[in-house]
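Working notes, structure below.
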Amino acid sequence: MVLADDRILEYLSEEETATPGDMVKSGFVRYSNGYISQRCQKMAKRGLVKNLGRGVYTITERERSTYRVKLTLLRTLLTE
């Protein structure tokens, strides 16, 4: 997993669904459309995101749960 993957997963955990172009336009995921598309395809093969068709991706429920746990732990560590 690379830094771009974390940004993509974070974006999808908030926005539910998006295309690589949506992620670029948001300014939150600061990589090229092609690179984001490539990373989404790789994450789809690993079951982290799901391709809904026409380049639209969503985070899988399994990964959403994992991501929430990581975020909760991080927030706890930062507030201590």
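The values are calculated or read from the model by the stated rules, or taken from the named source; none is laboratory data. These figures come from a predicted structure and were not determined experimentally. A quick note on method: Cβ atoms are made from the backbone with ideal geometry, for glycine too, and the neighbour counts reach across all protein chains shown.
Here's the yes/no breakdown for (1) surrounded by 12 or more Cβ atoms within 10 Å (Cβ to Cβ); (2) part of a helix (DSSP H, G or I); (3) at pLDDT 95 or above:
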residue	(1), (2), (3)
Leu9	yes, yes, no
Ser13	yes, yes, no
Met23	yes, yes, yes
Ser37	yes, yes, yes
Arg62	no, yes, no
Leu73	no, yes, no
> So which pairs qualify, if the first residue must be in the range 63-75 and closer than 19 Å to Arg46 by Cα, the second must be not small (Gly, Ala, Ser), the Cβ gap must be under 6 Å, and the two must be at least 6 apart or on different chains?
Replying inline: Glu63/Leu48; Tyr67/Leu9
> Which residues, counting only those in the range 25-35, are among the polar types (S, T, N, Q) and either surrounded by 14 or more Cβ atoms within 10 Å (Cβ to Cβ) or touching a strand residue (DSSP E or B) at 6+ places or on another chain (Cβ under 7 Å) (or both)?
Replying inline: Asn33
>> Going through Tyr11, Tyr35, Tyr31, Tyr57 one at a time, which residue ends up being touching a residue at least 40 places away in the same chain (Cβ under 8 Å) and not acidic (Asp, Glu)?
In response: Tyr57
